[in-house]
1. Being more than 16 Å from the chain's Cα centre (by Cα) and either under 12 Å from residue 188 (Cα atoms) or of a type in the set (S, T, N, Q) (or both) is the filter here; which residues of the range 27-52 pass it?
2. Being surrounded by 19 or more Cβ atoms within 10 Å (Cβ to Cβ), within 12 Å of ligand 1 (Cβ to nearest atom) and either of a type in the set (A, V, I, L, M, F, W, C) or closer than 17 Å to residue 10 by Cβ (or both), is that true of even one residue in the range 48-59?
3. Does residue 88 meet the test of being within 14 Å of ligand 3 (Cβ to nearest atom) and modelled with pLDDT of 95 or more?
4. Out of 154, 117, 125, 166, which single residue is away from ligand 3 (no atom under 16 Å from the Cβ), more than 14 Å from the chain's Cα centre (by Cα) and not aromatic (Phe, Trp, Tyr)?
5. Name the residues in the range 1-23 that are touching a Pro at 6+ places or on another chain (Cβ under 9 Å) and over 29 Å from residue 96 (Cβ atoms), would you?
6. When the range 27-38 is examined, which residues are found to be touching a residue at least 60 places away in the same chain (Cβ under 8 Å), within 10 Å of ligand 1 (Cβ to nearest atom) and either among the hydroxyl-bearing types (Ser, Thr, Tyr) or outside any helix (DSSP H, G or I) (or both)?
7. Scan the range 17-26 residue by residue and report those that are more than 12 Å from ligand 3 (Cβ to nearest atom), assigned to a helix (DSSP H, G or I) and not hydrophobic (A, V, I, L, M, F, W, C).
8. Taking residue 141, is it surrounded by fewer than 21 Cβ atoms within 10 Å (Cβ to Cβ) and closer than 28 Å to residue 161 by Cβ?
Amino acid sequence: MLDAGFFRRWLTAAAAAVDREAERLTELDSPIGDADHGSNLQRGFAAVVTTLDQEAPATPGAVLVLAGRQLISTVGGASGPLYGTLLRRTGKALGEAAEVSEQDFADALKESVEAVGRLGGAAVGDKTMLDALVPAVDALAESFTAAAAAAEKGAESTVPLQARKGRASYLGERSIGHQDPGATSSALIVTALAEAAGG
Ligand code: ADP
Ligand code: MG
Ligand code: MG
């Protein structure tokens, strides 16, 4: 079972990974975007950690709703509302239970990834965060480690794709040959799940 502590550890590990990789995320967002993805997420996840420390929400649902709300209000770019919706919606689906099963979490996250796809009008193959998130949630029923590997592979799969959503799509064919920054940060965030679970 997963308690509020697990979800705090997850988001804290995700914040640390984003912080460590911020420069790389911004570099990836330079040829096919506006070179702010690393700084956007660094600011957003730092604010998430601060709020979680201050408010110490007691349930998995409350942790995720608070974190999602914080991302939406702190991250200006496209990724803020998308990641914020992902967390907030997952939190709402988990309700007020003090502990949730891994299966319940996997189901809630999968449904929320689908909602993010609807929100941004994007699907797998459009060269966005969904290229990492969709295979990750499909593998989540197996294990956190399998989800992390699937997300990493999904992020790498964006290199030869032409972007059809977000800023990178303005470049048309010139977006080909670059890894999508959002898919790359998604892989970091999913990998942090395995860390929070202890390996
Ligand atoms: P912005 O593009 O507004 O500067 P960021 O640089 O923080 O925002 O985030 C860019 C990332 O957001 C992209 O690499 C992509 O993965 C993701 N993204 C952009 N638009 C969409 C969308 N419509 N659906 C899903 N993901 C998207
Ligand atoms: Mg950007
Ligand atoms: Mg921007």
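The values are calculated or read from the model by the stated rules, or taken from the named source; none is laboratory data. Computed from a predicted structure; not experimentally measured. All Cβ positions, glycine included, derive from the backbone under ideal geometry; neighbour counts span all protein chains shown.
1. 30, 50, 51
2. Checking the range 48-59: not a single residue is surrounded by 19 or more Cβ atoms within 10 Å (Cβ to Cβ), within 12 Å of ligand 1 (Cβ to nearest atom) and either of a type in the set (A, V, I, L, M, F, W, C) or closer than 17 Å to residue 10 by Cβ (or both).
3. So residue 88 does not fit the description; no.
4. Answer to the selection: 125.
5. none
6. If the condition is that a residue be touching a residue at least 60 places away in the same chain (Cβ under 8 Å), within 10 Å of ligand 1 (Cβ to nearest atom) and either among the hydroxyl-bearing types (Ser, Thr, Tyr) or outside any helix (DSSP H, G or I) (or both), then 29, 32, 33, 34 are the ones that fit.
7. Residues satisfying the conditions are 19, 20, 23, 24.
8. So residue 141 fits the description; yes.
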